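Read the figures in this text as sums done on the coordinates, not as results from a lab. Small disclaimer: the values here were computed from a predicted structure and weren't measured. Reconstructed Cβ throughout: ideal geometry from the backbone, glycine too, with neighbour counts over all protein chains shown.
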There are 2 protein chains.
Amino acid sequence: MRRFILSVGACLMVIVWMAQGADLMPAAGGGTGDSSAPVDGFSPDSARVERDWEGKFRALPSPANMRIYMQRISARPHHVGTEYDRLNAEWILSQFREWGWDAHIEDFDVLFPTPKERAVELVSPTHFKATLEEPTVKDDPTSDQHAEQLPSYNAYSIDGDVTASLVYVNYGIPEDYEQLDRLGISVKGAIVIARYGMSWRGIKPKVAAERGAVGCIIYSDPHEDGYFRGDVFPTGPWRPMEGVQRGSVMDMVLYPGDPLTPGVGATQDAKRLPLAEAKTLTKIPVLPISYGDAQPLLAALRGPVAPEGWRGSLALTYHIGPGPAQVHLKVKSNWDTKTLHDVIAKIPGADSPEQWILRGNHEDAWVNGAEDPVSALVDEMEEARSMGELLKQGWKPRRTIVYCVWDGEEEGLLGSTEWGEEHADELRRHAAVYINTDANGRGYLSAGGSHTLEKFMNGVERDIEDPETKLSVWKRSQLRLIANATPEERQEARTRPDMRLSALGSGSDYTVFVDHLGVASLNLGFEGEDGGGIYHSIYDDFYWYTHFGDPDFSYGRALAQTAGTAVLRLADADLLPFEFTDFADTIHTYDEQLKKLLKDKQETARERNIELDEGVFTAAVDPKETHVPPEREDPPPYLNFAPLDNALDALTRSATQYQKALAKAEGNGGVGLARASLQQVNQTLIESERRLTRPEGLPGRPWFQHQIYAPGFYTGYDVKTLPAVREAMEQKKWKEADAALVEVGKVLDAESALILRAYQELENATK
Amino acid sequence: MRRFILSVGACLMVIVWMAQGADLMPAAGGGTGDSSAPVDGFSPDSARVERDWEGKFRALPSPANMRIYMQRISARPHHVGTEYDRLNAEWILSQFREWGWDAHIEDFDVLFPTPKERAVELVSPTHFKATLEEPTVKDDPTSDQHAEQLPSYNAYSIDGDVTASLVYVNYGIPEDYEQLDRLGISVKGAIVIARYGMSWRGIKPKVAAERGAVGCIIYSDPHEDGYFRGDVFPTGPWRPMEGVQRGSVMDMVLYPGDPLTPGVGATQDAKRLPLAEAKTLTKIPVLPISYGDAQPLLAALRGPVAPEGWRGSLALTYHIGPGPAQVHLKVKSNWDTKTLHDVIAKIPGADSPEQWILRGNHEDAWVNGAEDPVSALVDEMEEARSMGELLKQGWKPRRTIVYCVWDGEEEGLLGSTEWGEEHADELRRHAAVYINTDANGRGYLSAGGSHTLEKFMNGVERDIEDPETKLSVWKRSQLRLIANATPEERQEARTRPDMRLSALGSGSDYTVFVDHLGVASLNLGFEGEDGGGIYHSIYDDFYWYTHFGDPDFSYGRALAQTAGTAVLRLADADLLPFEFTDFADTIHTYDEQLKKLLKDKQETARERNIELDEGVFTAAVDPKETHVPPEREDPPPYLNFAPLDNALDALTRSATQYQKALAKAEGNGGVGLARASLQQVNQTLIESERRLTRPEGLPGRPWFQHQIYAPGFYTGYDVKTLPAVREAMEQKKWKEADAALVEVGKVLDAESALILRAYQELENATK
């Protein structure tokens, strides 16, 4: 479902993560880098061999092939349970086999509601019936496949049939409801209409229900996703008036995957919850609509004019309501079980087959899905074909490579989650790294992932050539970072050896790996230059992608080179290139953020109480309008950060120890890196991410076991780092925050102990 | 023409100037304050008498009268040269006389172009002819007076008839053209279309012409001035689709007033420039249009999508062009001379008739002008009526009071400027303070003016009751300041005894007084709660104002109380309440701003050059679009701030000396403030503002003689403080900036010398 990049403010908030250096590509074409340069984790001899294989590899991915694959896979709608979804899986399976992979399909049976009845109607003061239809666009040949298209809806909305006053709630995030409180407006018993953006969509009905709303409509405002951004389809890439964003509203921050089989694989005979006990369905009915359908509803609202930051780009005055608009919302689904088909393909490792490097991208789409997910799936396929070529030329990866093509991602990461849960034990034993992609376009590499892989990923990025500028992908990202940075950020961008890797939230198939199983993960994709207004609509198709996405697939080739190089390098390395000083440095910044968060909350509460005493909230408002002063609250208490601070000091020390041992091993002509003796340290390194989990998981959501990263309970896709502490603070649970500081300290202490063990093992192995 | 409050960003940028204290109104109603509290500049005995008169005064202004005056004055269009304009002047004259004032009318003959032919047409790729009409609105009885309404146009546009490619230039300010340079777009030979806002309108054709454009269209975007802000007229107060903002585009920052008689009064026999030599007409033709008329023009543009900050709230994708839209623009005016009628009314001073306190508001309007200017004119009239009542009760102001009702303000401050120029010598001798108003609404007091009057004005504000909250106007403004402040600003708002008085730019009739003659001035008005979308349109009328402005005239009463109290207090004071420590403190902040401006410009230039070396400007852009790197420029040199710093030190010392003498005089039971002996020090104080001028004026614009305040050469209404230095720096004239620092230092040294003289005179008079 690929995180949708939302622009709020001055420019497209392209998410790029970078750092410093001056390495331009040594030669144009191929992007192979300096063949004699060292490679982290390789002895000089094996580095030379590796660079040779990587150079051969990067010459292989073919834009022409990608185009052919895309045209075929996106030729018809292929959501879970359709015939074309199955045919795609079977064809991809046959391709992998043809390329020399040991491949099979694994099926899971999952709950997948599809629309039976949908209605959004303005019933008063005037009447208007929303079309809920995306029309055929002339010139776009697949847009007329209406019989096979999944209608626009939000999957896992409960059934409902409600009529109530309408209230506009902006993005429908918690802060918006705080603003409504200040305006004296309640959504109790009302249907809310929220615009897409600023949170994962599933958060909107969840918060609305918590506040007492009885229904939720989500629409795409042209400000974020329409003509405000640029010319609309088919003139340009942006969302047309009738375009609708489908999407899941399953409460995935509780647990993703099949709602009926939390924590276990949804095999045919798995034990299932009754539907009524599934906790991840919404509490109120939800439907998404286009801005064409939203306009009459919003225009029928009165009540206060919405605050300036709430106003979108429709040609109307945004009012909040409630009413006088009365709206009828009806959602009824077929609550069927469907079978999904994951394609799993392997190249067994020649030396350490028990260490797995995993790579995945989903195949299922909401409709035709040329961009999401096929644009990156075809890159993954070209990686697989190219590795097949290398095998024929004699390449033998040290470790086992597992390529996965997931089904059912859009509905709630179904395919990856069920497979991960089903294979949890072996994955916990064997999985070294999981590399995910989900969609691709022109622009800058967006790289997120486990901070222990930061230095490694920076190394890969330095070896990939940007197709447009012929700079290394790393260099272009760094210059972009400098261009958009504050002076302080610029300083870091110019001087820190590695660009920071952003922490992973959720929204794609890495979730089960990193958050549930503790497998170090990466998520990669190019973006920032391709306008996107077809996300989860029928217009996300071959016509759109080949006109507005990456028409010549040059960035498709670059992504295949990037992800493939990462896989090769991880699969071939003498010593797995985990690194802990960057990791410790970044966790330190999270610690600082938490301290600042507490200080800000204390100052805000103190200031608010002073202003309540002064009468600011009654004097500085228009008495003709309703304004409710905020509640008086005691400032938050001081918290004990010592357990975290001490653990971080220990982490930095152990990371430095390991780094010294590594430098020694590599420094001495790299002779220390004799493969045979590294088996034990590699196995220890694989476990480094596992140490960051707790079997109890996070408070209130045991499925999420990782203690450094989690999708926010009230943000959805967006990450919360050190989540147990941060979310307790955000939710004003101060005792829980203090307790979580102790627990996170223990987790980091365990990590330090593991790193020291790895240091000892490396010292012993290489001396 | 009242400065139009433009909202850009999160909220209505209400311009309020405030400070600290805790004085609530001691009693509701009347707003008379504590009758035994001291009053700056008064001995205890005269303070008691003064408080008594002020209390009586503030009970007199009548909302009912204001309503009657407004209905009469705004009943028909009354721009310069109309019969109704003359009738209004004559009726106001008769009223003043009835109230016991010595009143007369002074006429001036001024150049005033009115429309003969107007056309804006899209001629290609499709055809559209702009209506250029504001239709009658049912329910609004004066909106149908089309025969008398001045058509929508920009006065002092030169005649022209051009057809050219259209380019959208955002607000049309210099920064926008720098952005166009970066996008590789020139306006040479093109017609530009700019939206209203971010500068005085006359700046837009001026900068466009400098850049080679051949025509300029200005439109009201609904983002700043239409449905984005709130419901449009007649449902709400905001600008409807067909509403047009008329307005002058005379180059008033060169000199305001009659273009043919710069520097001298436009009397019948004044020497006049030939029209061709008038320097303040535009260089290219200009017309204003509504957003209804702008939509088809903007929709016909292609070329790059406008940067995000350039996009307004029309339901279209904003492109820049140039073209393919070809536009025909035609402007032809009747270049007539019209007679304007200033009403001048006096109450002679009983003791110091040679010291004048002036008060003014204009009467002329673009059309009916209920808000601009009648809403504040009726307050001025009620002040005059009330003072007439006081005279009957035996009040005898110490100083001469001069009430002025200006004509021809809208076209270019004609009435006030010509009168000020004609009477320059006597004004330089006699004028102590000029107090201006221009329009009024509900909300917060906006007070700007000479910093030497800051403490005085704070004192007045503490004695006026806010009609809505019953707090003092001062207190409400302070709480508003706290509500909107940064933490640093909050600290100042809570602890600085006086709220800062904002510096005056231009845009109303105080200009000739403060900027040309060096008369300390104030500009007052309430605003911030009344939405305004009828500025300079036919809908600015009695119907609008009594529905959306200040329907019960309670803020009309408050403004009459505020301005009238200020006049009474200045006219009656034993010692004129000029004060210099606040003044010195504020000039210090300007000095700091200039140093920061230089540092920022140095850092920006250095950083830009580094980024040019790094290749940021070519790497961090989409190569499918045109992006031109900025020019390499040497960083600005360091400047010699010592002359200014030394002068400021001396200023602070002399201000403190004077303050000590004043405290001594007031402290000793105030016995020192014996009126008879203060004649000389009062005369010295009157000259304190004159010392801040130089007869040479500012570089390139000798009419503007004040060295602390001036309207910006490229901003228009917006003030530039220490303008000779600041504008030289902004225009990268570093030598001129260094020279200006010396000159400003000399001006401040002369001011310090005058303050020391006043100190000596006060010491001598009160010991």
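Among the trypsin sites (Lys or Arg not before Pro) in the stretch A:165-213, which ones are in a DSSP loop with at most 16 other Cβ atoms within 10 Å of the Cβ? Mind listing them? Counting only loop positions with at most 16 other Cβ atoms within 10 Å, the trypsin sites (Lys or Arg not before Pro) in the stretch A:165-213 are A:188. Compactness ratio for the stretch A:264-365: Cα radius of gyration over 2.2 N^0.38 Å (N = residue count) comes to 1.87. Using a cutoff of 8 angstrom between alpha carbon atoms and counting only pairs six or more residues apart, the relative contact order for chain B works out to 19 percent. On the rotation that sends chain A to chain B, the chain A Cβ lying closest to the axis gives residue and distance in whole Å as A:315, 2. Averaged over the residues of peptide A:604-615, the number of Cβ atoms from other protein chains lying within 10 Å of each residue's Cβ is 2. Could you work out how far helix B:63-73 tilts from the main Cα principal axis of chain B, as a 0 to 90 degree angle to the nearest 10? For B:63-73 against chain B, the angle is about 50 degrees. Once C-alpha pairs closer than 8 Å and six or more residues apart are averaged by separation and normalised to the residue number of the stretch B:156-209, the relative contact order reads 45 percent.
Relative contact order for the stretch B:188-301 using alpha-carbon pairs under 8 Å, separation at least 6, rounded to a whole percent?
Numbers: 172 pairs, mean separation 34.7, N = 114.
Computed over the stretch B:188-301, the figure is 30 percent.
If Rh is defined by the Kirkwood formula over all Cα pairs and Rg also comes from Cα, what ratio Rg/Rh do you get for the stretch A:582-766? Checking Rg against Rh, the ratio lands at 1.17.
Distance between the C-alpha centers of the stretch B:139-172 and the stretch B:341-409? Whole Å please. Cα centroid of the stretch B:139-172 versus Cα centroid of the stretch B:341-409: 33 Å apart. On a 0 to 90 degree scale, rounded to 10, what angle separates helix B:83-98 from the longest Cα axis of chain B? It works out to around 10 degrees. The angle between the Cα long axis of helix B:642-667 and the main principal axis of chain B comes to about 30°, on a 0 to 90 degree scale.
Let me spell out the model: positive unit charges on the Cβ of Lys and Arg, negative unit charges on the Cβ of Asp and Glu, origin at the Cα centre of chain B. What dipole size does that give, in debye rounded to 20?
The calculated dipole for chain B is roughly 680 debye.
Sorted from shortest to longest, the distances between the residue B:271 label points of this copy and the other copies are 10.7 nm, with each point 7 Å from Cα along the line through the beta carbon.
Classify the protein assembly as shown as rounded, prolate or oblate from the Cα gyration tensor: take a ≥ b ≥ c as the square roots of its eigenvalues, call it rounded if a/c is under 1.5, otherwise prolate when a/b beats b/c and oblate if not. Taking the square roots of the gyration eigenvalues as a ≥ b ≥ c, the protein assembly as shown is prolate.
Shown here for the stretch B:321-373: GluC sites (Glu not before Pro) in loop regions (DSSP other than H, G, I, E, B) with at most 15 other Cβ atoms within 10 Å, of which there are none. Here the 3J(HN,Hα) profile of the stretch A:711-728, calculated from phi with Karplus coefficients 6.51, -1.76 and 1.60 at θ = phi - 60°, is x, x, 5, 10, 10, x, 5, 5, 6, 10, 8, 6, x, 5, 6, 5, 6, 4 Hz, Gly and Pro shown as x. Can you return the lysines within cross-link range of residue A:338? Criterion is Cα-Cα under 22 Å, with same-chain partners fewer than 8 residues away left out. Within the straight-line cut-off, residue A:338 pairs with A:116, A:271, A:279.
Restricting to bridges with both residues inside the protein assembly as shown, how much of the DSSP beta-bridge set is antiparallel, in percent to the nearest 5?
Rounded to the nearest five, the antiparallel share is 60 percent.
With the label put 7 angstrom out from Cα along the Cα-to-Cβ vector, residue B:660 ends up 6.5 nm from the copy partners, going from closest to farthest. Pairs of C-alpha atoms in chain A farther apart than 43 Å represent 26 percent of all such pairs. Within the stretch B:217-287, the trypsin sites (Lys or Arg not before Pro) that combine a DSSP coil assignment with at most 12 other C-beta atoms in a 10 angstrom radius are B:271, B:279.
Charging the Cβ of each Asp and Glu at -1 and of each Lys and Arg at +1, and nothing else, the dipole of the stretch A:111-336 about its Cα centre rounds to 600 debye.
Sequence-ordered 3J(HN,Hα) estimates for the stretch A:456-461 from the Karplus curve with 6.51, -1.76 and 1.60 and θ = phi - 60° stand at 4, 5, 4, x, 4, 4 Hz, glycine and proline given as x.
Enumerate the amide H contacts of residue A:218 below 5 Å, restricted to partners 5 or more residues apart or on another chain; note that Pro and chain-start residues carry no placed amide H. Here the answer is A:194, A:287, A:289, since their amide H atoms fall under 5 Å of that of residue A:218. If you add up the charges near residue B:192, with Lys and Arg at +1 and Asp and Glu at -1, over every other residue whose beta carbon is less than 12 angstrom from its beta carbon, what do you get? Net charge in that neighbourhood comes out at +3. Scalar couplings 3J(HN,Hα) for the stretch B:610-627, obtained by applying the Karplus form with A = 6.51, B = -1.76, C = 1.60 to θ = phi - 60°, are 4, 5, 5, 5, 6, x, 4, 6, 9, 7, 9, 9, 7, x, 6, 10, 8, 9 Hz; x denotes Gly and Pro.
In peptide B:305-313, what is the residue-averaged number of other protein chain Cβ atoms found within 10 Å of each Cβ?
For this peptide, the per-residue mean of nearby foreign Cβ atoms is 4.
Between copies, residue B:734 shows label-point distances of 5.5 nm, shortest first, with the point placed 7 angstrom from Cα along Cα to C-beta. Would you work out if the stretch B:113-336 is rounded, prolate or oblate? Take a ≥ b ≥ c from the square roots of the eigenvalues of the alpha-carbon gyration tensor; rounded if a/c is under 1.5, else prolate when a/b is larger than b/c, oblate otherwise. Note, shape of the stretch B:113-336 comes out oblate.
DSSP bridge analysis restricted to chain B gives an antiparallel fraction near 60%, rounded to the nearest 5.
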